[in-house]
Each structure stands twice: as structure tokens, then as C-alpha cells.
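Here's the structure we're looking at; comments come further down.
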Amino acid sequence: MKSFQKSKSLLVILFCRYPVPGHVKTRLIPVLGPVGAANLHRELTETVLKTLIRACVQMGFEIQIRFDGGSSKKISQWLGSEHVYEEQGEGDLGRRMYGAFHDAFLKGYQRVILIGSDIPDMKLGHVRDAFHVLEDNDLVLAPSTDGGYWLVGLKKPVDIFQITNWGSHNVFEQTMAQAKAHGLSIQQIEPLSDIDTMEDLRIWRPEYETGHPYLSVIIPTLNEVENIDLTLKKALNKEAEVIVVDGGSRDDTKRRAEEGGARVASSAPGRAVQLNMGADMAKGDVLFFLHADTRPPDHFVECIFRTLMNQGTIAGAFRFKTDLDRPLMKAIEYMTNMRSRVFNLPYGDQGLFLSKNVFDVVGGFPDVPVAEDLYFVRRLAKHGRIRIAPVPAVTSARRWRQKGFVYTTVINAIILMGCLLGVPPKRLASLYK
């Protein structure tokens, strides 16, 4: 094989779609749900792009991302502002692919490769092999196991993309026939599988065979019989599992939670212990920690997905709102939301959400007797931004009703300052109680 020479005359075009739930990986929606399918598409695209970026460092080619759906702003917020973005344009897939090649050669690129965004097994060596093939051939093709191809490369603009049905099983054969009709010299590289059907997904991720929710809602409880019914009613969703971890309730909380459709487990009392147990039980890619007296907003699953899409976002929370409509309470809500946005410090009663991978990296909730959410959020903030979703979760104002506005607000402020100043959690817990 010839040695590879770095050159800015080389271009890789990544064809992708902005992951709008219900509009991507539609054949997987019956199994994964709209958000789950969109999340899979997001993961696949990010995996392929990371491989291309590593290859780019070694080989010196340029990367262009051609997208469909969304906007340049949304795509750059998702994949990063350092890339070049172009819309795919109008027409069927063949028209858009040929347009991408045509534009690239007009700009002076000499060898151009176009890659799909759902090939998780693509390696750096595949890109290197494709560029080497184009040194001595007009066309390189990499078949996919469904009868299409996952990579195509050219060194001159030839329209070989006039395919009558891009979903058929003979797309590769039709493309080869058109290439031969144009007299192109052709070489293939290794076939790989794209992820379009449940059969493809089972091979790549066998754990999906037994079901795989996008989201796990984890609710710690202790004598919450007055709240659990309504919270479960708002939290139950086709794309989420709900896990209630009870810390020793003496009322009917556990029975009501089971009857309400949640998975129920028992643990030692202590919110951190309960939350960490729920995370261990969770099957979802994303964890959503919800207080028993907090109601998530409508369409919260999709909202969580959109919030975590932004690059640099390590976790998220909803805006703070209570069920008490009084001027002083509105002022407290305003100050709380300002603190959340400006200082990256949301509280647990805003509903904290993050990927399970991130949760494992930061080590879960610290086992402290008070303000476990604040200590946890401070851990998270070291790894990235905690983004606040534009809609509120509604929390019961029972603490303010029971103890008074001034007392509750002052105690919360003292605990916050104590945490920030390093006061031992046991001392803060005695103050809270």
C-alpha cells in the first residue's frame, strides 16, 4: 500500500440528519419510541464524527457536514461550532449526494469521500483505505449488508446516483452498473452494517433485545402517600421507566406506587442512598431524579432529550416553580431560577437529569445527611454546563406553607452558603431539621 500524504485537497463529507424525535430512525420507533430512536441516531452520528476527527488529525483531510432538518445553529450547538456545515438541499438522496460531490469538486478538492452517519463499526483505517483506493481508481465503494453502501468516494464529479428506490436491496448493484456505464475504474473496501432495523440493532446492542427505555425516572419516597399518585400520573411515559425507591414509609406509599405502575424497591432511609439505588436499577440511557412532590412538565421526555443535545451540556434541570401563586413565592421562584442559570446550581426539586454514563463518572450522589443534590451538582459542574430547560417542573410549596416564607428561605440560603464554605454536612443537617 502506498504511503499516505497529508493534503488539503482531500475532503470527507458526513451526511447526517438533525435528530428530531419522530423523524429519524423511523423503522425503530415501534420498539424504541420517537425519542429513543432519535437518541440512537444522535449517538451513531457522534460516534462516526469522533472517528472522522481522529482520522483527520492523522491524515490531514477536511471535514464537511451536510445536514438535513434543523438549522445551522441547531447543528452547530449539537456537534460543535468548529465544523463546516452545509444543508443537503432539495431532491431525493441521489440528487443531494451528487450535489455535494459537485460542489466539492468546484471548490478544488481532488478526492472526495461521502459517509453515512449510522455506521458504528467504521474505523480510522477504513477512511485511510478509501483515500488510497482513489489514488489509482475513479470510484471507491463500501457495501453495506442491506444491499446499499455506507461509503462512496470519487475523484471527479460523475452522476452515478440515479436510483429509483433508495430503500431497496439492490442500490449497490444499480450504482455499480451506472459506474461501469460511465467507464469508471472501481474498487471496493470492507462491507459494514448500518443500523436501520431492529435486527441490525440486536447485533450491535444485544441488550436492546429485552427492551431499552430512553429514560429512567427515579423517585425517592418516605411517607409520600399524599403526593405519589399525582407525581406518577405525570411521570409515567411510554419512553420512560419509573423507579420508586422507598426509604421505609409507614403509610401506603409503596402499595400506591406499585399500583400506579412504578417499579418499587426498598432501601435504608436517606435520599442519597435511595437515589443511588435507583440509578443502579435503571435501564435507561438517561437518568431523571424527581422528588415525590414535584410534577414534571408535559412532554418532559422530549424536553430532556433536546436539553442534553447541546454540546458541552453535562446535565440539566427544569425551571423552578411551585404550586403557590403568591407574590412572595413568585419572587423566590425568580431568585431560584437566576441562581440556577448564573451559578450552575439547580436543586433537586427542579428535577435533575443526565446520562447514566456521566452519573457513573462523577460517582453518584454523595452520602451526606443534607443537601445531597447541591453537593452532587457541584461535582457535575466541574465536568460541564448544567443547562436549565425552558419549562418548569412544579414543586409543592408545603415547606413554605408549614415553616413560613422567611424561615424556609433563610435556612435554604444558610445551607447553600455552608456547603460552599465547606461547613460539615452534619452541622448543616442539624440546622435544617
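Data for the structure
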quantity	calculated
Rg(Cα)/(2.2 N^0.38 Å) for the chain, N = residue count	1.18
Gained length - ASP323 relative to LEU106, 0.36 nm times residue gap less alpha-carbon distance	72.1 nm
Computed over segment 213-397: relative contact order in percent, which uses C-alpha pairs under 8 Å that are six or more apart	26
Three-way shape label, segment 213-397, alpha-carbon gyration tensor, a/c 1.5	rounded
For VAL394, distant residues with modelled amide H under 5 Å away	ARG295
Overall Cα dimensions of segment 10-207 - principal axes, largest extent first, Å	45, 36, 32
Charged-residue dipole, Cβ positions (Lys, Arg, Asp, Glu), segment 10-207 about Cα centre, Debye nearest 20	360
Helix 405-421 vs. the chain, principal-axis angle (Cα, 0 to 90°, nearest 10)	60
Virtual spin-label span in nm between ASN170 and MET281, 7 Å along Cα→Cβ	5.4
Unit charges on C-beta of K, R, D, E only; dipole of the chain, Debye	1820
Order of VAL423, VAL394, VAL171, VAL35 under a 10 Å beta carbon neighbour criterion, fewest first	VAL423, VAL394, VAL171, VAL35
Debye, to nearest 20: dipole size of segment 346-388, +1 on Lys, Arg Cβ, -1 on Asp, Glu Cβ	300
Using θ = phi - 60° and Karplus 6.51 cos²θ - 1.76 cosθ + 1.60, couplings along segment 316-333 (whole Hz; Gly, Pro as x)	x, 8, 8, 4, 8, 7, 10, 8, 10, 9, 10, x, 5, 5, 4, 5, 5, 4
Three-way shape call for segment 86-138 based on the alpha-carbon gyration tensor, with the a/c threshold at 1.5	oblate
Length released on extending from ASP367 to TYR208, taking residue separation times 0.36 nm less the Cα-Cα span	54.0 nm
Average Cα contact separation per residue, segment 231-283, under 8 Å, 6 or more apart, as relative contact order %	38
Descending semi-axes in Å of segment 336-433, equivalent ellipsoid built from Cα gyration tensor	22, 18, 12
Pairwise label distance in nanometres, ASN223 with ARG255, each label 7 Å out on the Cα-Cβ vector	1.8
The chain: relative contact order in percent, alpha carbon pairs under 8 Å with at least 6 residues between	12
Spacing of the two label points (7 Å from each Cα toward its C-beta) at GLU87 and SER71, in nm	1.1
Residues HIS41, HIS126, HIS299 arranged by fewest to most Cβ contacts within 10 Å	HIS299, HIS126, HIS41
Neighbour-count ranking [beta-carbon atoms within 10 angstrom, fewest first] of ILE203, ILE119, ILE160	ILE203, ILE119, ILE160
Cα-based shape type of segment 178-284, given that a ≥ b ≥ c are square roots of the gyration tensor eigenvalues and the cut on a/c is 1.5	prolate
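Every number here is computed from the coordinates shown, using simple stated rules; none is lab data. Just so we're clear, the structure is a prediction, and the values are computed from it rather than from any experiment. All Cβ positions, glycine included, derive from the backbone under ideal geometry; neighbour counts span all protein chains shown.
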